[in-house]
Amino acid sequence: MTDTDTPSAWDRVSIHGGHSGQFCLHAKDSLEAVVQAYIAQGFSWVGITEHLPPPSDRFRYEDEISAGLSAAFLQDRFSRYIEEARRLQETCRGQIRIYVGMETEAYTGAIPFCRELIREHRPDYIVGSVHHVDDVNFDFSAEHYQAAVSAAGGLDNLYLRYFDQQYDMIRSLSPAVVGHFDLVRIHDPDYRKRMEAAPVKERIRRNLELIRERNLILDCNARAFVKGAAEPYPTETILRQALELNIAVVPGDDSHGIDSVGLHVDRVCRWLTDLGFDTAWKLPTS
Ligand SMILES: [Zn+2]
Ligand SMILES: [Zn+2]
């Protein structure tokens, strides 16, 4: 370890995360406590990007269905989220810079609904994410992943459809940040091999070129480490292409409560510096 490897060698930031138990059923703690944790860890700035609520009951997550939460309730809770995040942005000014965002979905109807919410709430930016392939969620659990693989007709097809839907989402929304670019690998131990297949490789390249063209940021997502992966999202071969294309890459902890605030962010920063990335992190609003 050299001097430049100390955490002070980079600004601690997170461009994606800050989910809280107050506004998300699969997260923990109040949003204020989450923001206080970022302040305590000396973060320069943080993007708070709560999930898009479902446009209708159909796309509620399984835990929301079990808890009997309606889409109407979740939409109302999202409005309260924006209000609370704006309040904290104001009251914590001077201690930390907060960007108020939201994380999208790409299932049927999500994109027009997202546009509506942008008009209504004017978030500072959005993180464009894909958690469903052809309307089947694949990241909630290993069982969900298996169901999505079956619905897609195999793993290779799941990857192809994922990257196609990501492309459409980026084209439609131009999100300032593209979230966990290769999340589709989440429960696939052979993902490196899968991404070597020519049709998958071509799609990855196409999506990266679109990101470059629109000057968007790639989230380098530390939650992969939390879930036991050996590297963040996206994988090293994709990060190397991003570097070559001069795409800005910024750490995101994808925190879902105090205990994941800042978790593995320094590891991601070290990862990025080792690959040759600049740590003058691009802001989501620049
Ligand atoms: Zn979440
Ligand atoms: Zn996500």
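Tabulated data
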quantity	calculated
Close pairs from the range 25-47: first farther than 19 Å from HIS264 by Cα, partner part of a helix (DSSP H, G or I) and within 16 Å of ligand 2 (Cβ to nearest atom), Cβ under 6 Å, at least 6 apart	LEU25/ASP63; LEU25/GLU64; HIS26/ASP63
Given (1) within 28 Å of LYS282 (Cα to Cα); (2) of a type outside the set (A, V, I, L, M, F, W, C); (3) touching a Leu at 6+ places or on another chain (Cβ under 7 Å), number of the condition ARG194 does not satisfy	(1)
VAL226, sole failed condition from (1) among the aliphatic types (A, V, I, L, M); (2) at pLDDT 95 or above; (3) surrounded by fewer than 20 Cβ atoms within 10 Å (Cβ to Cβ)	(2)
Options HIS26, HIS16; residue that is out of contact with any helix residue (DSSP H, G or I) (no Cβ under 7 Å at 6 or more places or on another chain) and either in a loop (DSSP other than H, G, I, E, B) or surrounded by fewer than 21 Cβ atoms within 10 Å (Cβ to Cβ) (or both)	HIS16
Residue within the range 54-63 that is buried (at least 16 other Cβ atoms within 10 Å of the Cβ), within 16 Å of ligand 2 (Cβ to nearest atom) and not in a loop (DSSP other than H, G, I, E, B) present	yes
Any hit, the range 204-217, residues being part of a loop (DSSP other than H, G, I, E, B), under 16 Å from the mean Cα position of the chain (by Cα), at pLDDT 95 or above and β-branched (Val, Ile, Thr)	no
Residue among LEU74, LEU88, LEU69 that alone is aliphatic (A, V, I, L, M), in a loop (DSSP other than H, G, I, E, B) and either more than 16 Å from ligand 2 (Cβ to nearest atom) or buried (at least 16 other Cβ atoms within 10 Å of the Cβ) (or both)	LEU69
The range 122-145, subset part of a helix (DSSP H, G or I) and buried (at least 17 other Cβ atoms within 10 Å of the Cβ), residue farthest from ligand 1 (Cβ to nearest atom)	TYR145
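The values are calculated or read from the model by the stated rules, or taken from the named source; none is laboratory data. What you see is a predicted model; the values in this text were computed from it and never measured. In this analysis, Cβ positions are derived from the backbone assuming ideal geometry, glycine residues included, and neighbour counts consider all displayed protein chains.
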